[in-house]
Amino acid sequence: MRINLSQKKIRDSFVEKVQQLSGQNLLVCYQCGKCSAGCPAVAEMDILPNQVIRFAQLGLKEELLNCRAIWACASCLTCNVRCPKGIKIAEVMEAIRQILLRQRLDHVDINKIPPEKRKEFPAIALISNFRKFTS
Ligand code: SF4
Ligand code: SF4
């Protein structure tokens, strides 16, 4: 992934917004990688959880809003428990999803899932889907 860094990005209100919504201080992350090492969803992610934090520190808004990792995150909280700096990475993932969803962009259109398929899904999967993937 090609990344363009600039002072403007680092000072962008996006960084502040992620910190506000997540309640986390992104700057305390020292990139030890423990969050990524224990994450059960990394196989489905395009950038690792520690990279999500790094990108957020650097204000890489477009890269984060378009990454698959925030949607692959299962909110299992393993990373939160493992982080030696006490950062709640799952909350950061949720904050980035919220920023995107507040633009009224649904990630999944339930109407595009055939009714016969919907019947097969466990109820909890549908409820989680609505909570996580729709605005
Ligand atoms: S475990 Fe915590 S300190 Fe280590 S990379 Fe992840 S967020 Fe940063
Ligand atoms: S909460 Fe998300 S990022 Fe953290 S370990 Fe679980 S799946 Fe991975």
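The values are calculated or read from the model by the stated rules, or taken from the named source; none is laboratory data. None of the values given here were measured: they were computed from a predicted structure. Neighbour counts are summed over all protein chains in view; Cβ atoms, including those assigned to glycine, are modelled from backbone coordinates with ideal geometry. The accessibility values were calculated without ligands, DNA or RNA, using every heavy atom of the protein model including side chains. Shrake-Rupley method; radii C 1.70, N 1.55, O 1.52, S 1.80 Å.
Determine whether E44 is more than 14 Å from ligand 1 (Cβ to nearest atom), open to solvent by 20 Å² or more (accessible area, probe 1.4 Å) and closer than 17 Å to V15 by Cβ. Break it down stepwise before answering.
Details: more than 14 Å from ligand 1 (Cβ to nearest atom): yes; open to solvent by 20 Å² or more (accessible area, probe 1.4 Å): yes; closer than 17 Å to V15 by Cβ: no.
Answer is no for this residue.
What helices (runs of 4 or more DSSP H) lie completely within the stretch 54-130 and have 1 or more residues being within 16 Å of ligand 1 (Cβ to nearest atom)?
Passing ranges, in order: 61-65, 69-72, 78-82, 89-101.
Kindly establish whether R54 is of a type in the set (D, E, K, R) and closer than 15 Å to Q24 by Cβ.
Numbers: of a type in the set (D, E, K, R): yes; closer than 15 Å to Q24 by Cβ: yes.
Taking the combined requirement at face value, the residue satisfies it.
Here is a check on your reading of the model: is I87 within 13 Å of ligand 2 (Cβ to nearest atom) and more than 13 Å from the chain's Cα centre (by Cα)?
Yes, satisfied.
Only residues in the stretch 53-67 that are in the same structural domain as C35 (by TED's automatic domain parsing) and crowded, with 19+ Cβ neighbours inside 10 Å count as the first member; pair them with residues that are outside any helix (DSSP H, G or I) and acidic (D, E), Cβ under 8 angstrom, at least 6 apart or cross-chain, and list the lot.
Taking only residues 6 or more apart or on different chains, the pairs are G59/D12; K61/D12; C67/D46.
Report, by residue number, each residue of the stretch 27-41 that is of a type outside the set (G, A, S), surrounded by 13 or more Cβ atoms within 10 Å (Cβ to Cβ) and within 18 Å of C73 (Cα to Cα).
Result: K34, C35, C39.
What number of residues within the stretch 85-120 are modelled with pLDDT under 80 and open to solvent by less than 90 Å² (accessible area, probe 1.4 Å)?
3
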